[in-house]
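Take a look at the structure below.
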Amino acid sequence: MKSDRLLSILLLLQTRGRVPARELAERLEVSVRTVYRDVESLSAAGVPVYAERGRHGGIELLAGFRTDVTGLTADESRALFVLAAQGAHTALGLDAAFGSALRKVMAALPAPHRPAAETASRRILVDATRWRGGPQPAVDLEVLRDAVFADRRLRLRYRHSGERQVRTYTVDPYGLVAKAGVWYLVADRRAAPRLFRADRVHSARLLDDPVRRRRGVELADVWEVLRRQVEARPERLDVTVRVRRDRLDMFLRLTAPLLAGLPEDDGESEWVTARLTYGALGETRQLLAFADQVEVLSPSQVREELARTAASVTGLYRRPGRAPG
């Protein structure tokens, strides 16, 4: 609706200052011509908004103009109070600030929408951590957070997965990303995008130098590039298994991140076929935890890997045990 769009433009200009017309058009999913027509409508309604053409131009409100907007709908009010992943604000040291902000927003909501917003905060909870993910190592995000908010460079001492050596990097941070309960630092190193898992950072030091990000590149852009790189790694291994029906629920819970689609289930057979995607051959040993309740059908290299591992375990336990000490 045009009224919602006008309100969105007003809020964006209040929070961002000067904004290019093309950026507004992309955010609102309309044409640049429509944005200029909306600006004319705002101006006709008495809002002191103006547009400047040229390379560094954009749309801007007259300096000092502010307006209190309370025209939130019921669904928008609910959306504000659906809490994000538990622990995210705690990890960033923003728990108290987040609670204070929600109280202020609640006070500013139109009175008829306050009960709906309060109910949403009690009825909807998002927990991004996996089931049985195991204990997570302690992560100190303080220095990383400070670098992100202060736009400063970072000196990291970092250990990559599978390595004992700790390496030193100087990086230009874009921001922090929490994915499935794990925190990542998204940064450039020598103008190339890099991903650093926060729990592998041995130490971090804030440098005096201002951050050197690529012009026009935002956190979401870099994260999308890195996410695609991780998901497109060539070592993906597609595995087809069959699962006994009475163990299917547990199997699905424990392998949910690996499932390549819904299992093939006719509702009657004793076995159900499922397909999983692993990153490496060694990761498929996880399937041995299901003993004879899960059988790998293909590929043959996974069957052979599991057979070798099972034989090694059998040989270990057939030898006489050693007494403690």
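The values are calculated or read from the model by the stated rules, or taken from the named source; none is laboratory data. Predicted model, so just to flag it, every value in this text is computed and none were measured. Note: ideal-geometry Cβ built from the backbone for every residue, glycine included; neighbour counts use all protein chains shown. Note: areas computed on protein heavy atoms with side chains; ligands, DNA, RNA excluded. Shrake-Rupley method; radii C 1.70, N 1.55, O 1.52, S 1.80 Å.
Out of curiosity, is Ala180 hydrophobic (A, V, I, L, M, F, W, C), modelled with pLDDT of 90 or more and exposed (fewer than 14 other Cβ atoms within 10 Å of the Cβ)?
Details: hydrophobic (A, V, I, L, M, F, W, C): yes; modelled with pLDDT of 90 or more: no; exposed (fewer than 14 other Cβ atoms within 10 Å of the Cβ): yes.
No, not satisfied.
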Open item on the list: Pairs needed: first member in segment 2-30, of a type in the set (A, V, I, L, M, F, W, C); second member anywhere, open to solvent by 60 Å² or more (accessible area, probe 1.4 Å) and assigned to a helix (DSSP H, G or I); C-beta distance under 8 Å; at least 6 residues apart or different chains.
Closed with: Leu12/Arg27
Open item on the list: Residues that are open to solvent by less than 90 Å² (accessible area, probe 1.4 Å) and closer than 19 Å to Lys179 by Cβ: list the strands (runs of 3 or more DSSP E) wholly contained in segment 200-289 that include at least 1 such residues.
Closed with: 201-210, 271-278
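Select, from Asp75, Asp95, Asp68, the only residue that is at pLDDT 75 or above and at negative phi.
After applying the criteria, what remains is Asp75.
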- [ ] For segment 238-257, name all the residues that are farther than 19 Å from Gly279 by Cα and among the aromatic types (Phe, Trp, Tyr).
- [x] none
Task: Residue within segment 126-141 that is surrounded by 13 or more Cβ atoms within 10 Å (Cβ to Cβ) and at pLDDT 75 or above present - done: yes
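Residue by residue through segment 239-277, note down the ones that are in contact with a strand residue (DSSP E or B) (Cβ under 8 Å, 6 or more places away or on another chain) and in contact (Cβ under 8 Å) with a residue 60 or more places away in the chain.
Going residue by residue through segment 239-277, those that are in contact with a strand residue (DSSP E or B) (Cβ under 8 Å, 6 or more places away or on another chain) are 239-245, 247-248, 251-252, 255, 258-261, 263-265, 270-277.
Listed by number, the list holds a single entry, Val239.
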TODO: Would you mind stating whether Tyr174 is farther than 30 Å from Phe251 by Cβ, at pLDDT 90 or above, crowded, with 16+ Cβ neighbours inside 10 Å and out of contact with any Pro (no Cβ under 8 Å at 6 or more places or on another chain)?
DONE: yes
